[in-house]
Amino acid sequence: MMKECVMVDVQKSEFREADIPKPADDEVLVKLEYVGVCGSDLHYYEAGRLGDLVVTSPLVLGHEAAGSVVETGKNVKHLKVGDRVALEPGKTCGHCEFCKSGKYNLCKDVIFFATPPVDGVFKEYVAHEADLCFKLPDNVGSMEGALIEPLAVGFHAANQAEATTGKSAIVFGSGCIGLVTLLALKAKGVTRVCVVDLLQKRLDKALELGASRIVNASKEDVLKLAEEESFDIAIETAGTEATTAAAIKLTKKGGVVVLVGYDTTGKMTLPVSMLLDKELTVKTVFRYRNIYPMAIEAVRSGAVNIKGIVTDVFDFDDIAEGLDRCIHDKENIIKAVIKM
């Protein structure tokens, strides 16, 4: 038997016992070691929903995971017992036009950890598709392995922006996704990255991780940046109308705006005429695709200090306290992980 943490109601969880799963022929059984706390987990836990996705029955949260292989299915050849792995949390159909074209993140039949009604990995063991378990190098720890998932979002955003050496960028939001986007941009050679947020401690963390400039939008008008410079790339990770409009206004003509933050209202009024006049390219991000090997290599090589985003570590036994603190102390807790 194993222990799992189950969300049973809004801001209420309990530990339950469950059977340790048996891996199928193409799966491995992983003993989980670290699981990151994602913003989506907190949305579900705090409000019971994220957009149109609603928690209607008990649910195990958590999808940013790494651990050690303890059993392999009979068809698995590339992994063995003892290997430490990062888990890509979404299993797709493999047959639709998006899967076949390499854009598998757009598959409509994806089964994704902690997306209602699919259970996540705030549990001791999980059986998972072996092809979605990526072996970690010796110098990459399991905590770093769990953070490969959000880092993959940051790299997908940087790829969508066609980030290269010599370009400049502005990132709106310095929560977890804003910070991993900063790290990805830096790894791809963008040396001039401005980060905007309302919370000074989050901005201080961005500066620590390599931002060339920070702007506290609660104290100064971010649009005044336009008097000094505009940016080749703007990446929006906060999901608000104000930040999305500012991204358009601060991107130079012919530049790229990448939208990552999830707008829970579903409606925005934006300066579309300016978008047209500048001939901006607008791209969006939904999770990631074909990124894990790149992200793991970036951490292995030292190009990305992914552990630098972590501000808090909670033991699995204290997960309820950890989730509550993440909700009620957002200024100080930027990225939390659960040590299993």
Checklist line | Subset of segment 142-169 that is outside any helix (DSSP H, G or I), of a type outside the set (S, T, N, Q) and in contact (Cβ under 8 Å) with a residue 40 or more places away in the chain - its residue that is nearest to E27 (Cα to Cα) | finding: L147
Checklist line | Scope segment 70-104; condition polar (S, T, N, Q) and surrounded by fewer than 15 Cβ atoms within 10 Å (Cβ to Cβ); matching residues | finding: N75, S101
Item checked: Single residue of segment 100-121 satisfying the filter (charged (D, E, K, R) and in a loop (DSSP other than H, G, I, E, B)) that is farthest from I20 (Cα to Cα) -> K103
Check: Which of the residues belonging to segment 158-212 are over 16 Å from the mean Cα position of the chain (by Cα) and among the polar types (S, T, N, Q)?
Finding: T164, T165, S168, T191, Q200, S212
Item checked: Cross-chain or 6+ apart pairs with Cβ under 6 Å, segment 301-313 first and under 11 Å from A336 (Cα atoms), then surrounded by 16 or more Cβ atoms within 10 Å (Cβ to Cβ) and small (G, A, S) -> D312/A336
Notebook entry, point to check: Which of the residues belonging to segment 217-275 are touching a helix residue (DSSP H, G or I) at 6+ places or on another chain (Cβ under 9 Å), of a type in the set (S, T, Y) and more than 18 Å from G178 (Cβ to Cβ)?
Noted result: S230, T265, T269
Check: Does G266 count as in the same structural domain as T237 (by TED's automatic domain parsing), over 22 Å from A152 (Cβ atoms), not in a helix (DSSP H, G or I) and not hydroxyl-bearing (S, T, Y)?
Finding: yes
Margin query: Against the definition (in contact with a Leu (Cβ under 9 Å, 6 or more places away or on another chain), modelled with pLDDT under 95 and either of a type in the set (S, T, Y) or not in a loop (DSSP other than H, G, I, E, B) (or both)), how does A226 come out, yes or no?
Written below: yes
Notebook entry, point to check: Does segment 259-268 contain at least one residue that is closer than 18 Å to K186 by Cβ, touching a residue at least 24 places away in the same chain (Cβ under 8 Å) and aliphatic (A, V, I, L, M)?
Noted result: yes
Note to self: I'm told D41 meets every condition in (1) touching a strand residue (DSSP E or B) at 6+ places or on another chain (Cβ under 7 Å); (2) buried (at least 20 other Cβ atoms within 10 Å of the Cβ) except one. Can you identify the failing condition by its number?
What the structure shows: (1)
Notebook entry, point to check: Could you say whether any residue in segment 76-89 is without any contact (Cβ under 8 Å) to a residue 12 or more places away in the chain and assigned to a strand (DSSP E or B)?
Noted result: no
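The values are calculated or read from the model by the stated rules, or taken from the named source; none is laboratory data. All of these numbers come straight from a predicted model, not from anything done at the bench. Note that we place each Cβ from the backbone using ideal geometry, even for glycine, and neighbour counts take in every protein chain shown.
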